[in-house]
Amino acid sequence: MKIVKYSIVLITCLMMSGCEDFLTRTPRSDLSQEGFFGSKRDIALWQTGIYVKLQRAMNGGHIIWGDLRSDLYGSTGDSYIDKRTYMNNLDASMGEYSWQNLYALIAQCNTAIEQYPNVTGAGPADYDDPLGQAYGLRALAYYYAIRVWGDVPKIDKSWDGLISSSRVERSPVSDIKELIQSDIDQALVKLNANVTGDRKYYFNRAAAWALKTDVHLWFKEYREALEASNWFFTEGNLSTFRLISSMDDYRSIFIEPATSTETIFSLFWDTTESSGCDWCGFVGSKGGTGVSVNNGYRIARSLFNTFVGRIRSGAGTEARFVANYDTVGIYNLVGTPGNRPAIATTTHWITTTANSFINKNIKYSPRPTGNLPLTGGWYTVLPLSTAEGGTDGRCKILAPLYRLADVYTLRAEALNKLGRSQEALQIVNQIRQRVGYMADATLETKPDNVTLAEMGLSFIKTDADWVEWLILEERKLEFIAEGRRWFDLVRTDRVIDVMDPVYRMRQMELNTTPTGFGHPGRILAPIVTREFEANPALIGHQNEPYGGSE
């Protein structure tokens, strides 16, 4: 982590006018390429700028694009929270759906790809690996773009990062797909073999294979996805990347990712470059004293019920319950010391008290200090205050962009699509068993149609549909607050089936006429109005049903 922090401090110095004696160039982290690449040292500086822009792009995108529209969350009831994303009532005025920060990342990568091989005094040993990272992160940025907006401008040449300078029409997803896959292939050629320790905070060879698996599955290329995932099952890589063997190791994936055998690529969220990660403000924020409710969303009650059902099932326990909830705090809210009942779905869903531990997600919270729990609960809710050992009140998290459970469950989807459902279910068992839940997925056969209807799952028609559902349900519990769920539902063509009744319920809770999902075009996000103002080539090409020529 020291390497990452040092790099961020260095690039911050470039932003400040007082650093001109250190480097007599334009003092900005948005470094201009003009006159910049004078020595191989400049490759490292530019590379740091790439990760600064990745942090900015993922600040909102990490949870807004991938999670908040899904069934993972419920509302805490705060009236001041903008609930348009939560209700899937998006419109073109919403700045959080701007693609500006993604294109700033793409621009930084474009310049790296063009300039690194031409730096005076630099050879392949100096620039190949940074070049591979630039290719990989450009692929990742475009992969986010097509999943959020569909057709997007294709820009693969040096550019200043402002969409106002591009005047580029939207390219079809098929064209962007070709660029993504080409970039992943280039990344695999250039990236070095280091995939351990602090290298997990940078795009690496394992991340490229994970991304390749993910992209193939998105485009329903199941054999290719399976082949890409095979990299993690080769003899050498099986010792480097392996599922945790102890439930106690589960939290290390999120708190100490550099040491976890499941981590592939995590984003080190440093606050030097920003006011912190928006994640905390949405689902884990602490405000005032205690754990007062000032975050707009909490994990949905259906997930709480599922977790409690599992730990009461007699089939083991659930480390993911403890990883996402302060279960000590929840337990202590009912009864008196020495006379407290076990956590239950009916008695412990308490959301309105000053210590509403149900409202807080602790997935990225630090481990407790000492042997005694904090007041009422156990974990510190992010962000840290100065009194709790933080340097400021801003949110810092180590967010996984890819980890091994991701690859395993994507592989399970591909296997199921290829008619190998029993192998897919064995993977589900592996994912469950490592967190203490021992129920055998191979014994969970598809219910009859009446039961499916009662479960709200009438859209499940075949045994393969049922296996896919089991995989999706396991991913839902596994990737809470990791920006996966919405994309999972879209990829498997289940987003309207699952979210229509959820939106109807949310609409009724807000005393509005229940209309459900609405227009299927709402799977994609709108292009924000300012993008049309900046780039006339986009006029007339808004996503339906958001308007035609914003």
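Placing dummy labels 7 Å off each Cα toward the beta-carbon, the span from GLN430 to THR351 is 3.7 nm. Label-to-label distance, ARG340 versus PHE36, with points set 7 angstrom from Cα along the beta-carbon direction: 5.3 nm. Based on C-alpha pairs under 8 angstrom that are at least 6 apart in sequence, the stretch 403-519 has a relative contact order of 19 percent. Taking other C-beta atoms within 10 Å as the exposure proxy, SER245, SER302, SER365, SER75 rank SER245, SER302, SER75, SER365 from fewest upward. Extension gain for SER246-LYS461 works out to 73.7 nm (0.36 nm per residue, less the C-alpha to C-alpha distance).
Under 12 Å of direct C-alpha separation, and excluding same-chain neighbours fewer than eight residues apart, LYS157 reaches these aspartates and glutamates: GLU114.
By the scheme Lys and Arg +1, Asp and Glu -1, what is the net charge of all other residues having a beta-carbon under 15 Å from that of ASN416? That sum, taken over residues with Cβ under 15 Å, equals -1. Listing PHE459, PHE307 from fewest to most neighbouring C-beta atoms within 10 Å gives PHE459, PHE307. Computed packing ranks the peptides 47-55, 117-125, 466-474 as 47-55, 466-474, 117-125, most packed first, by mean other Cβ atoms within 10 Å.
Report note on the peptides 404-414, 253-263: ranked by the mean count of other C-beta atoms within 10 Å, highest first, their order is 404-414, 253-263. Residue exposure proxy: ASP82, ASP278, ASP185, ordered by other Cβ atoms within 10 angstrom of their Cβ from fewest to most, comes out as ASP82, ASP185, ASP278.
Which of LYS83/LYS212; LYS53/LYS190; LYS363/LYS417; LYS190/LYS212; LYS200/LYS417 have a Cα-Cα distance over 26 Å? From the list (LYS83/LYS212; LYS53/LYS190; LYS363/LYS417; LYS190/LYS212; LYS200/LYS417), the Cα-Cα distance tops 26 Å for LYS83/LYS212; LYS363/LYS417; LYS200/LYS417.
For the peptides 437-446, 512-521, 140-149, the ranking by mean Cβ contacts within 10 Å, running from highest to lowest, is 140-149, 437-446, 512-521. Computed over neighbours whose Cβ is under 15 Å from that of TRP349, the net charge equals +3, Lys and Arg +1, Asp and Glu -1.
Each reported figure results from applying straightforward, stated rules to the coordinates on display, with no laboratory input. Remember, predicted model here, so these are calculated numbers, not experimental data. Reconstructed Cβ throughout: ideal geometry from the backbone, glycine too, with neighbour counts over all protein chains shown.
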